[in-house]
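Peer 1: Input: one structure, supplied below.
The values are calculated or read from the model by the stated rules, or taken from the named source; none is laboratory data. Everything numeric here is computed off the predicted structure, so don't read it as measured data. Please note: Cβ atoms are built from the backbone with ideal geometry, for glycine as well, and neighbour counts cover all protein chains shown.
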């Protein structure tokens, strides 16, 4: 079987079937991750909420028995939502964070909506600083690190009146304004590419500032500014993105966290789930 985890001592590969476009259930995810040599699985909060405290406590050992650990969980809070919605989700987050912590999950993240029709950059920035700090307070108390993923394609951030954070440099400014060592960045090679960034931009980060990594390639035949956020390729599929430089920079800073694939690829979604996982494992192995 493909053993993606054996390719590097720095990263650990994480299987996220949701990111591949499948939802076969948690036990199937664990079976497939084991079969194809992944090191980790993405926590499924919906599944975790169905378990008792005793069942949650047993999960880390059960995963370890299969050679697995946890990757990064999603944060069920929309930081761009209207105030009332955000406030409600923030209240609910404490229970969600407790569930994740009880299962041994230590990383969670969300994405930054890179535009607004109503908020200027400065107003949006101030709101994000405040809201990230509030979410982080809950997650940090539960022992969970918080990652923010920027979205790079111009075809997305230019679609509303006011562009917002969509580059690594801007994320670093946001992190500095929040001022919490518990908050970091989720790096996606696709967003790194569409933002026109280089390996040296990654080397400006410390290893502790990187919470999780997504490895994707980009479709061929499009200019950088024509790339669409929801149309990507498996790592190394086209060579449009210089993944060797991306991965090399992560090695240089000593990153030692999860690496997953999130291609939003229609062709991959049409495959049987086992075949899709096999292709993903093969692509990761080749790139890493």
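Matching residues to (1) crowded, with 17+ Cβ neighbours inside 10 Å; (2) touching a strand residue (DSSP E or B) at 6+ places or on another chain (Cβ under 7 Å); (3) under 28 Å from residue 283 (Cα atoms); (4) modelled with pLDDT of 95 or more:
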residue	(1), (2), (3), (4)
11	yes, yes, yes, no
28	no, no, yes, yes
36	yes, no, yes, yes
68	yes, yes, yes, yes
86	yes, no, no, yes
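Peer 1: Is it the case that some residue within region 67-81 is under 30 Å from residue 160 (Cβ atoms) and part of a strand (DSSP E or B)?
Peer 2: Scanning region 67-81, I find at least one residue that is under 30 Å from residue 160 (Cβ atoms) and part of a strand (DSSP E or B), so the answer is yes.
Peer 1: A follow-up question, please. Which residue out of 32, 93, 59 is in a helix (DSSP H, G or I) and closer than 26 Å to residue 275 by Cα?
Peer 2: Details: 93 fails: closer than 26 Å to residue 275 by Cα; 59 fails: closer than 26 Å to residue 275 by Cα.
Only one candidate qualifies: 32.
Peer 1: Test residue 122 against the criterion of being assigned to a loop (DSSP other than H, G, I, E, B), out of contact with any strand residue (DSSP E or B) (no Cβ under 8 Å at 6 or more places or on another chain) and over 21 Å from residue 40 (Cα atoms), and give yes or no. Talk me through it step by step, then tell me what you get.
Peer 2: Values: assigned to a loop (DSSP other than H, G, I, E, B): no; out of contact with any strand residue (DSSP E or B) (no Cβ under 8 Å at 6 or more places or on another chain): yes; over 21 Å from residue 40 (Cα atoms): yes.
When the stated conditions are applied, residue 122 does not pass them.
Peer 1: Of all helices (runs of 4 or more DSSP H) completely enclosed by region 231-288, which ones contain at least 3 residues that are modelled with pLDDT of 95 or more and in contact with a strand residue (DSSP E or B) (Cβ under 9 Å, 6 or more places away or on another chain)?
Peer 2: 243-253, 273-287
Peer 1: Give region 70-106 a look and list any residue that's closer than 26 Å to residue 11 by Cα and touching a helix residue (DSSP H, G or I) at 6+ places or on another chain (Cβ under 6 Å), or say none.
Peer 2: Listed by number, the residues that qualify are 73, 76, 97, 99, 102, 103, 104.
Peer 1: Being under 20 Å from the mean Cα position of the chain (by Cα), in contact (Cβ under 8 Å) with a residue 12 or more places away in the chain, surrounded by 14 or more Cβ atoms within 10 Å (Cβ to Cβ) and farther than 12 Å from residue 103 by Cβ, is that true of even one residue in region 44-55?
Peer 2: No, there is no match, as no residue in region 44-55 is under 20 Å from the mean Cα position of the chain (by Cα), in contact (Cβ under 8 Å) with a residue 12 or more places away in the chain, surrounded by 14 or more Cβ atoms within 10 Å (Cβ to Cβ) and farther than 12 Å from residue 103 by Cβ.
Peer 1: Can you name the residue in region 264-288 that is in contact with a helix residue (DSSP H, G or I) (Cβ under 8 Å, 6 or more places away or on another chain) and closer than 24 Å to residue 207 by Cα and is also surrounded by the most Cβ atoms within 10 Å (Cβ to Cβ) among such residues?
Peer 2: 284
Peer 1: For region 127-144, state whether one or more residues are closer than 26 Å to residue 233 by Cβ and outside any helix (DSSP H, G or I). Before you say what the answer is, go through the steps one by one.
Peer 2: Here is the first cut: in region 127-144, the residues closer than 26 Å to residue 233 by Cβ are none.
No, because not a single residue in region 127-144 is closer than 26 Å to residue 233 by Cβ and outside any helix (DSSP H, G or I).
Peer 1: Taking region 169-188 as the search range and keeping residues that are in a helix (DSSP H, G or I) and touching a strand residue (DSSP E or B) at 6+ places or on another chain (Cβ under 8 Å), which one is surrounded by the most Cβ atoms within 10 Å (Cβ to Cβ)? I'd like the intermediate steps shown before the answer.
Peer 2: Taking region 169-188 and keeping what is in a helix (DSSP H, G or I), we get 169-178.
From what's left, touching a strand residue (DSSP E or B) at 6+ places or on another chain (Cβ under 8 Å): 171-172, 174-175.
On the way: 171: 24, 172: 17, 174: 20, 175: 19.
It comes out as 171.
Peer 1: So which of 24, 76 ends up being surrounded by fewer than 19 Cβ atoms within 10 Å (Cβ to Cβ), within 22 Å of the chain's Cα centre (by Cα), free of Cβ contacts under 8 Å to residues at least 60 places away in the same chain and at negative phi?
Peer 2: 76
Peer 1: Evaluate region 190-208: report whether one residue or more is part of a loop (DSSP other than H, G, I, E, B), in contact with a strand residue (DSSP E or B) (Cβ under 6 Å, 6 or more places away or on another chain) and crowded, with 17+ Cβ neighbours inside 10 Å.
Peer 2: no
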